[in-house]
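Asker: Once you've had a glance at the structure underneath, I'll fire off some questions.
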Amino acid sequence: MTALSVVAGLQDRFGEYVLKLFSWMVLLFLILPVLVIIPLSFNAEPFFTFTPSMLRLDPDAYSLKWYAAIFESQNWILAIKNSFFIGIVSTLLATVLGTVAAVGLAREDMPFRRFITAAILSPMIVPLIIVAAGMFFFYSRFDLVATYTGIIIAHTALGAPFVVITVTASLQGFDQSLYKAGLSLGAPPLKVYRDVVLPVIRPGLISGALFAFVTSFDEIVLVLFLAGPQQQTVPRQMFSGLRESISPTILAVATLLIITSVIFLVSLEFLRRRAEHAKTSGRGDE
């Protein structure tokens, strides 16, 4: 081993440590403003700042009363019910419509495939406030403003592109000869899709459904334009709380949303690894 190779090795290791340190600093810069909300949500006082008692770790300075206040407020209960109802229904619709669209777009003989794909993905590209304004004027002609139907349709349009993207990615590794083989054996097309295609695209389908649900649950711009008093959702209630009455209950709700987001991220990572494992196993069997 020469002196030059030793110096080169030290430079590589130094560069690796610098890169890791920079990555951790960027991660902390992004995460810390979010994590600081969690201890503040346990503040016994109605403040959005750390009190001297909290900094001394006095047990009396911490309380769960803001979490209890969520379930004692009719406004928060209505907002939570609406968010889950709208999110679940719009996710089911977006999953079905997005999967059908992805399967159709995967066919090589599909006419205007690029144009249709761009049209389906356009809600992800166009600024949301423009989409919301357009939907407001369009829905006004059909009396869909301030209705659950209007909000669900709008959230379905936002969630479907995520399902199309994830299912299309799953179909890229699918061997179309398997589908043709199922048809040649006399099986109906729906049975072939259920027994052959669906198991292959299931991880992408579930990932897309999770993205669609999170998008619906977190969305506020469309709700501000289209929702009435009875369609109050959690993000809209948080926005109203910040504008009208500053209450640490908002921090408690934000903490619960952070925990929910972490659960979704872990689920997505599990599905991603499972899909990669399935592809690797399939290649190994070839």
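The values are calculated or read from the model by the stated rules, or taken from the named source; none is laboratory data. Since the structure is predicted, the reported quantities are computational estimates derived from the model, not experimental observations. Virtual Cβ from ideal backbone geometry, glycine too; neighbours counted across all protein chains shown. Side chains are part of the model used for accessible areas, which takes the heavy atoms of the whole protein and leaves out ligands, DNA and RNA. Shrake-Rupley method; radii C 1.70, N 1.55, O 1.52, S 1.80 Å.
Asker: With the calculation restricted to Cα positions, what are the radius of gyration and Dmax of segment 19-165 in angstrom?
Answerer: When restricted to the Cα atoms of segment 19-165, Rg and Dmax are 22.5, 69 Å.
Asker: Using the heavy atoms of the protein chains and a 1.4 angstrom probe, tell me the accessible area per residue for segment 88-220 in square angstrom.
Answerer: Values: 7510 Å² over 133 residues.
Per-residue value: 56 Å².
Asker: Hey, another quick one. Can you give me the solvent accessible area of R113 with a 1.4 Å probe, rounded to the nearest 10 Å²?
Answerer: R113 has an accessible surface of roughly 90 Å² with all protein chains in place.
Asker: Give me the percent of the accessible area of segment 110-189 that comes from carbon and sulfur atoms, probe 1.4 Å, all protein chains in place. Mind showing how you got there, number by number?
Answerer: Details: 3460 of 4820 Å².
Carbon-and-sulfur percentage of accessible area, whole number: 72.
Asker: Let me ask you something else. Assuming R0 = 35 Å, can you tell me the calculated FRET efficiency for the pair L19 and S63, based on Cβ-Cβ distance, to the nearest 0.05?
Answerer: Details: r = 43 Å, r/R0 = 1.21.
That gives a FRET efficiency of 0.25.
Asker: Can you give the net charge of the other residues whose Cβ lies under 14 Å from the Cβ of H155, counting K and R as +1 and D and E as -1?
Answerer: -1
Asker: Follow-up. Within segment 1-74, report the trypsin sites (Lys or Arg not before Pro) that DSSP leaves as loop and that have at most 12 other Cβ atoms within 10 Å.
Answerer: Within segment 1-74, the qualifying trypsin sites (Lys or Arg not before Pro) (loop, at most 12 other Cβ atoms within 10 Å) are R56.
Asker: Mind checking which of F138, V100, P229 is farthest towards the positive end of segment 87-246's charge dipole, using Cβ charges of +1 (Lys, Arg) and -1 (Asp, Glu) about the Cα centre?
Answerer: Of the listed residues, the answer is V100.
Asker: Within segment 152-192, which chymotrypsin sites (Phe, Trp or Tyr not before Pro) sit in a loop by DSSP and count at most 16 neighbouring Cβ atoms inside 10 Å?
Answerer: Details: sites: F162, F174, Y179; in loops: F174.
Filter output for segment 152-192: F174.
Asker: While we're here: Taking 0.36 nm per intervening residue step and subtracting the Cα-Cα distance, what contour gain separates R56 from K191 on full extension?
Answerer: Values: separation 135, 0.36 × 135 = 48.60 nm, distance 6.46 nm.
Full extension of this stretch gives 42.1 nm more.
Asker: Please compute the length gained on full extension between F264 and Q230, using 0.36 nm multiplied by the number of residues separating them and subtracting their Cα-Cα distance.
Answerer: Values: separation 34, 0.36 × 34 = 12.24 nm, distance 2.75 nm.
9.5 nm is the gain from fully extending F264 to Q230.
Asker: Quick one: what does P(r) look like for segment 84-123 with 5 Å bins over all Cα pairs, in whole %?
Answerer: Distribution as computed: 5, 22, 24, 21, 14, 8, 4, 1 percent.
Asker: Given Cα pairs under 8 Å that are at least 6 residues apart, what percent is the relative contact order of the chain? Before the final figure, lay out each step's value.
Answerer: On the way: 276 pairs, mean separation 77.6, N = 286.
It comes to 27 percent, rounded to a whole number.
Asker: Quick one: Debye curve from the C-alpha atoms of the chain, no solvent, what's log10 I(q)/I(0) at q = 0.12, 0.13 Å⁻¹?
Answerer: -0.96, -1.04
Asker: Roll a 1.4 Å probe over the protein chains and send me the accessible area per residue for segment 27-83 in Å².
Answerer: Numbers: 3790 Å² over 57 residues.
Per-residue value: 67 Å².
Asker: Taking amide H positions as placed 1.01 Å from N in the peptide plane, with prolines and chain starts having none, which residues 5 or more places from N43, or on another chain, fall under 5 Å of its amide H?
Answerer: Residues meeting the amide H criterion: S63.
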